[in-house]
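Please treat every number below as a calculation from the coordinates, not as lab data. As the structure is a prediction and not an experimental result, all values here were calculated from the model. Here the Cβ is made from the backbone with ideal geometry for all residues, glycine too, and neighbour counts use every protein chain on show.
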Amino acid sequence: MTTVSDGLFIILHIILITVMAKGFREKAGDLAGMAWAYYPALFFKILMGLLLGLIYQYYYGAGDTMMLFQDAARLAQEAQHFLQYVRVMSDQTTLPDLYYGQNPRALFFAKCISPLAWFTQGNYWLTSIYVSLLGFFCSWYLCLALVKYYRHALAVAVSFLFYPSAIFWSSGIIKESIAVSMISLIVAMMLHIVHQPTGLSSILRTGNRWRILVLLMCGAVLWQLKYYYAAVLFPLIVSSIFLYCVRLKSYQKLLATVSACGFLVLAISFLHPNLNATRILYALVATHDSMFEASDIGDVIHYGSLEPTWYGVGRNIPQALVAGLLRPLPGDGATLLHKIVQIENTLLLLCMIIAIYCLIKYKKPVAEKQLFFAMFIYIVTLATLLALSSPNFGTLMRYKAVYLPFLVYICMLGCSPLLNSATASFGLHKRLKSAQA
């Protein structure tokens, strides 16, 4: 009887998930060239989340995803007593048997998914599907915004919906899933806000107030979960919104962006001890050293005498940037996951070379310099900092999920002249248009 009831419970959740997916598909609507991607991308996202759990359970034997869910399920048990659950969720009391009870960011993630753990009655796989579903909805919302304002549906779909390692490491029960979801919503809200008529009055119009509210809420969640992601992203978001309110020439906007970002970074540095100018280098090097010592010698990036000084860190920045963008490459690590990502990175390197070639040959101007300049700063900053602080290739592959889709997107846009020729040759542009219809 228990088996029958469990099976019925799972079937009911599958029906609910199907209804939610169909309802979001109908409510979100379609833009040119994106209709074909919805269900394949949704299935791919859910599959990657389940695969993540299977790999951790049967290949690694344990890992963050299992421990995080155990904590979430333990918190969900308190939901039987509402007031106790509220006290636990608001940090007014603690549970002694939580694995990550002393890790604030991991505990915050467990609290975020504990309602789902309660809703699925402690079923890891159903909870994983719901987390992946949330991530997909957020990514799809960002994709619609990008296609609406900048077109290039194929580049958007490949970058944000189908790039294997980025989807794998941002699906299922893992902190990057929520982080990428929040980043997607923040960027999407920013795009909708800035593509209103210029001026402060339009930014504060009624239609934008809920977007600003969602942006701030997502920013708060991202800060609690991964404060260093928010510390890089928010200055760029705020400065982008500000610069769309004023009329400046291109070079003036560039200077204003740098100045605004510098001011906001300085302000944010007071919000967390590790972001303070006197502390950030020590925190970065300490994190690097602890991870380096815990890793296999062939599975890490080897820097030259990384010291907590501006010179000691600065001289390793070029190597860190290359590593953050393109490693692991062939020869880095020997696991199956390493091999798959090595193929990806080799193709990405080829895509970068083609993009640079197209830029030189066709000299096609970028339509939205402000957006792509902000993306460039976001990618370069996170790629460098994460590669410096996390020299382990496995950890770096996971962290890259927060900026890798934007990197692939920019590279594919750079290759767009050749991509357009290729799609025209094979008639793919006609298929995309017919898919929309």
Reduced to Cα centres, the span from segment 314-357 to segment 399-417 in Å works out to 13
What does the net charge come to around Arg327 if you take all other residues with beta carbon closer than 13 Å to its beta carbon, with K and R at +1 and D and E at -1?
-2
Provide the gained length on full extension for the span Ile353 to Ile10, in nm with one decimal, where the gain is 0.36 nm per separating residue minus the Cα-Cα distance.
118.7 nm
Out of residues 5 or more away from Leu98 or on other chains, whose amide H comes under 5 Å of its own, with H placed 1.01 Å from N in the peptide plane?
none
Ile183 neighbourhood, Cβ < 14 Å, K/R = +1, D/E = -1, net charge +2
In whole Hz and in residue order, list the ³J(HN,Hα) couplings for segment 152-169 that follow from phi through the Karplus curve 6.51 cos²θ - 1.76 cosθ + 1.60, θ = phi - 60°; x for Gly and Pro.
6, 4, 5, 4, 5, 5, 4, 6, 9, 10, 10, 6, x, 5, 5, 6, 4, 7
Rounded to whole Hz and in sequence order, give me ³J(HN,Hα) for segment 175-181 from the Karplus expression 6.51 cos²θ - 1.76 cosθ + 1.60, θ = phi - 60°, writing x for Gly and Pro.
4, 5, 4, 5, 4, 5, 4
Strictly over 19 Å apart at the Cα level, which of Lys45/Lys226; Lys45/Lys175; Lys111/Lys226; Lys27/Lys111; Lys27/Lys175 would you flag in this model?
Lys45/Lys226; Lys27/Lys111; Lys27/Lys175
